[in-house]
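J.: For reference, the structure I am asking about is given below.
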Amino acid sequence: MHDISSHDETRQGEAFSPAENQVNPLSRKFYIESYGCQMNFSDSEIVASILNGAGLGATRNIEEADLVLLNTCSIREKAEQTVRKRLKEFRKNKTHNPGMLIGVLGCMAERLKSKLLEEEKLVDIVVGPDAYRTLPSLIEEAGGGQKSVNVLLSREETYADISPIRLNSNGVTAFLSIMRGCNNMCSFCVVPFTRGRERSRDPFSIEAEARDLFDKGYREVTLLGQNVDSYRWYHPETEAVVTFANLLERIALIHPQLRVRFSTSHPKDITDDVLYSMAKYDNICKYIHLPVQSGNTRILQLMNRTYTRAWYMSKVDRIREIIPDCGISSDIIAGFCTETEEEHQETLSIMEYSQYDMSYMYFYSERPGTLAAKRYKDDIPEDVKKRRLQEIVEMQNSLSKERYKRDIGKKFEVLIEGESKRSKDQWMGRTSQNKVAVFPKENHPFKKGDYAIVEIHDATQGTLIGKSVG
Ligand code: SAM
Ligand code: SF4
């Protein structure tokens, strides 16, 4: 399922290339694979733009690449292992093409720094998430035979002036980064260490990018950040403040036909103002990714999430009160340090209370350097973690089934993203609540990027099945 800030398993390791009709006029070529959250996928589009400026064009064929890049993730140990395995596979490419350079970007680069060069001899370049502007000079340095590293984090860098090159795009939906870094210190999380301090991009460049996307035919933008609700931008001269609610409205006002989504929301920061803006504009999608992590107050405290079980539940109530038709999804961690069976049961019951349409679910993976790694023992045995995770997954499956079934008989406005993967005779799109809907093309004159009113007559736990009624 497509999500935004969390990991979309179907896209892990996806190789990016320009849209098919875009001829690559550049003779030097780079190949890039991205792992992890949507932010990394969005960063790869910024990297592509920087590399284009330096005379390198994207290719999907690793054999013809002069530069191979992996944009990596450190969030769980498994994510890092996947990247290390992939690096090993590049050995044969390098044997065939000794001039080929290999670079590691993103969170693993930032976490391991030059240690990565010692551990992975194949790697020539290591670049952290705030240093992509220096890629051209690092490539040059590495081309001269010297290994190069830049992992400096910045308090200002937002890549605001760089126009990302949309890679693997459907031409209808796009991600737009509005802030970088994270100031929260969730005890399990490595992100504040790998992506640095939180900073908000200026609203004018965000608006200009969204407008440009609309003019190019895009019909949906997703505003991206680790914690979008704490977006805050101060005008350097007037000191006027732009909040996330203000920004949402500005983007929504670009055009009623441009949908706006956002992710991720930290429950502590999502305000009534944001909820009222969502309710006010039809084109702000009625969907909130609101990661709970755990349903137990003691565990939430150990996680340093800054809310309690009751507080989270009242936030869900508030969302349902202001936006009755809102879809809510979550991230959940099973088996955090010292979690008891009763506390795990509270996670299951908060899922039921919140009626999530969908969740990203993981078992706890201790990350070096995090507060949890320093303070708490990772004491839940792996088989217990896995069993608890399985129970969480089963709970979510049954909730999803119910949530999708509830839509049978209703009509939704669906933005058409393309043909259904299963059948050329069907369109695939999404409802405002971010549910995938498919419906037969029949004789309607629809095309990609159009809105269709679809009446739902059947549902699985991940897809609504309907018929166009206008
Ligand atoms: N900023 C977002 C937030 O706070 O909700 C998400 C950040 S993270 C990229 C995505 C998810 O990975 C988190 O919400 C959490 O559920 C999970 N995660 C982070 N660290 C983890 C760890 N050490 N072990 C297991 N899951 C983890
Ligand atoms: Fe990690 Fe918490 Fe920041 Fe999300 S809010 S990126 S989980 S520290």
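J.: What full-extension length gain, to one decimal in nm, is calculated for THR460 and ILE62 as 0.36 nm per residue of separation minus the Cα-Cα distance? Write out the running numbers ahead of the final one.
T.: Working: separation 398, 0.36 × 398 = 143.28 nm, distance 3.75 nm.
Length gained, THR460 through ILE62: 139.5 nm.
J.: Accessible area, 1.4 Å probe, largest first: how do TYR404, TYR451 sort?
T.: On the way: TYR404 5, TYR451 45 Å².
Ranking TYR404, TYR451 by accessible area, largest first, yields TYR451, TYR404.
J.: Given a cut-off of 23 Å, name the pairs among LYS29/LYS92; LYS94/LYS421; LYS286/LYS448 whose C-alpha atoms lie farther apart than that in the structure shown.
T.: Table pairs above 23 Å Cα-Cα are LYS94/LYS421.
J.: For region 178-275, state which GluC sites (Glu not before Pro) are in a DSSP loop and have at most 12 other beta carbons lying within 10 Å of their beta carbon.
T.: Numbers: sites: GLU198, GLU207, GLU209, GLU220, GLU237, GLU239, GLU249; in loops: GLU198, GLU237, GLU239.
Hits after loop and neighbour filter: GLU237, GLU239.
J.: How much accessible surface area, in Å² rounded to 10, belongs to the heavy atoms of ASP273 with a 1.4 Å probe?
T.: Accessible area, nearest 10 Å²: 100 Å².
J.: For the chain, which cysteines have no second Cys with its Cβ under 4.7 Å from theirs?
T.: Lone cysteines by the Cβ rule: CYS37, CYS73, CYS107, CYS182, CYS285, CYS326, CYS337.
J.: Give the ranking of ILE332, ILE50 by solvent-accessible surface, highest area first, calculated with a 1.4 Å probe. Don't skip to the answer; put the middle values down first.
T.: Numbers: ILE332 0, ILE50 20 Å².
Largest to smallest exposure gives the sequence ILE50, ILE332.
J.: Turning to a different aspect of this structure: Mind checking region 102-157 for GluC sites (Glu not before Pro) that DSSP puts in a loop (not H, G, I, E or B) and that have at most 14 other Cβ atoms within 10 Å? Could the numbers behind the result be given before it?
T.: On the way: sites: GLU110, GLU118, GLU119, GLU120, GLU140, GLU141, GLU156, GLU157; in loops: GLU120, GLU156, GLU157.
Sparse-neighbourhood loop GluC sites (Glu not before Pro): GLU156.
J.: Report the gain in length on full extension from GLU77 to LEU122: 0.36 nm times residue separation, minus Cα-Cα distance, nm rounded to one decimal. Kindly include the intermediate steps, with their values, before the conclusion.
T.: On the way: separation 45, 0.36 × 45 = 16.20 nm, distance 2.07 nm.
So the extension gain works out to 14.1 nm.
J.: Work out how much length LYS147 to TYR276 would gain on full extension: take 0.36 nm times their residue separation and subtract the Cα-Cα distance, in nm to one decimal. Walk me through the numbers on the way to the answer.
T.: Details: separation 129, 0.36 × 129 = 46.44 nm, distance 5.17 nm.
That works out to 41.3 nm of additional length.
J.: In what sequence, largest accessible area first, do HIS96, HIS289 appear using a 1.4 Å probe?
T.: Highest to lowest solvent-accessible surface, that is HIS96, HIS289.
J.: Relative contact order, percent, of the chain when contacts are C-alpha pairs under 8 Å separated by at least 6 residues?
T.: Details: 980 pairs, mean separation 47.9, N = 470.
For the chain, the relative contact order is 10 percent.
J.: Determine the calculated [θ] at 222 nm for the chain from helices alone, applying -39500 (n - 2.57) to every DSSP H run no shorter than 4 residues and normalising by the residue count; nearest 500 deg cm²/dmol.
T.: -10000 deg cm²/dmol
J.: Let me ask something else about it. I need the shape label for region 383-449. Rule: rounded when a/c is under 1.5, else prolate if a/b > b/c, else oblate, with a, b, c from the alpha carbon gyration tensor. Walk me through the numbers before you get to the answer.
T.: On the way: a/c = 3.32, a/b = 2.31, b/c = 1.44.
Because a/c hits 1.5 or more and a/b exceeds b/c, region 383-449 counts as prolate.
J.: Rounded, prolate or oblate: which fits region 370-411 when a ≥ b ≥ c are the square roots of the eigenvalues of the alpha-carbon gyration tensor, with rounded for a/c under 1.5 and prolate only if a/b beats b/c? Mind dumping the intermediate values first?
T.: Details: a/c = 8.61, a/b = 2.69, b/c = 3.20.
Judged from the Cα gyration tensor, region 370-411 comes out oblate (a/c at least 1.5, b/c at or above a/b).
J.: To continue, here is another question. Using label points projected 7 Å from each Cα along Cα→Cβ, tell me how many nm separate LYS447 and ARG211, to one decimal.
T.: 2.5
J.: Decide, for region 151-295, between rounded, prolate and oblate: order the square roots of the alpha carbon gyration tensor eigenvalues as a ≥ b ≥ c, take rounded if a/c falls under 1.5, and otherwise choose prolate if a/b is larger than b/c, else oblate.
T.: Numbers: a/c = 1.40, a/b = 1.23, b/c = 1.14.
Rounded is the answer for region 151-295, as its axis ratio a/c remains below 1.5.
The values are calculated or read from the model by the stated rules, or taken from the named source; none is laboratory data. All figures in this text were calculated on a predicted structure; none of them were measured in a lab. So basically every Cβ, Gly included, is an ideal-geometry build from the backbone, and we count neighbours across all protein chains shown. Just so you know, the surface numbers come from the protein's heavy atoms only, side chains and all, with ligands and any DNA or RNA stripped out. Shrake-Rupley method; radii C 1.70, N 1.55, O 1.52, S 1.80 Å.
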